[in-house]
Amino acid sequence: MAEGEAAAEPAMEGMAAAEGDPDEAHFHETFDRFLELRRETGEPGNVSYDKFVAKLRRNREELMARHNARGVRFSVYLKDGRAAIKASALR
């Protein structure tokens, strides 16, 4: 209970900070799926929404520049028994 509640508060702060980002809804959805998979696999530790999204934004900018992409989509998957994220460039 406390884990889910603790994750919700930073999520709201992060949403306010990046209100103008067109990918904000996608980032929030990716974060929720990531936390869900972590709970399913029993992975320890808390994940900050702000740090999580900052990492997604850095990866998005890097991929867009490297591949001349118009955007990036992230997917959550299981890798070696742990939650992982894959970035795919949109062309």
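The values are calculated or read from the model by the stated rules, or taken from the named source; none is laboratory data. These figures come from a predicted structure and were not determined experimentally. We place every Cβ from the backbone using ideal geometry, glycine too, and count neighbours over all the protein chains shown. Note: areas computed on protein heavy atoms with side chains; ligands, DNA, RNA excluded. Shrake-Rupley method; radii C 1.70, N 1.55, O 1.52, S 1.80 Å.
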Pairs, first farther than 25 Å from R38 by Cβ in the range 65-80, second among the basic types (K, R) and loosely packed, with under 14 Cβ neighbours inside 10 Å, C-beta under 8 Å, six or more apart: H67/R91; N68/R91; A69/R91; R70/R91
Per-region count, the range 69-91, residues open to solvent by 50 Å² or more (accessible area, probe 1.4 Å) and modelled with pLDDT of 95 or more: 8
Which listed residue is in a helix (DSSP H, G or I) and without any contact (Cβ under 8 Å) to a residue 24 or more places away in the chain, from D32, D50: D32
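Could you say whether any residue in the range 48-55 is under 21 Å from S88 (Cβ atoms) and in contact with a Gly (Cβ under 6 Å, 6 or more places away or on another chain)?
yes
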Candidates E24, E62, E43, filtered to the one that is over 15 Å from the mean Cα position of the chain (by Cα) and open to solvent by less than 30 Å² (accessible area, probe 1.4 Å): E43
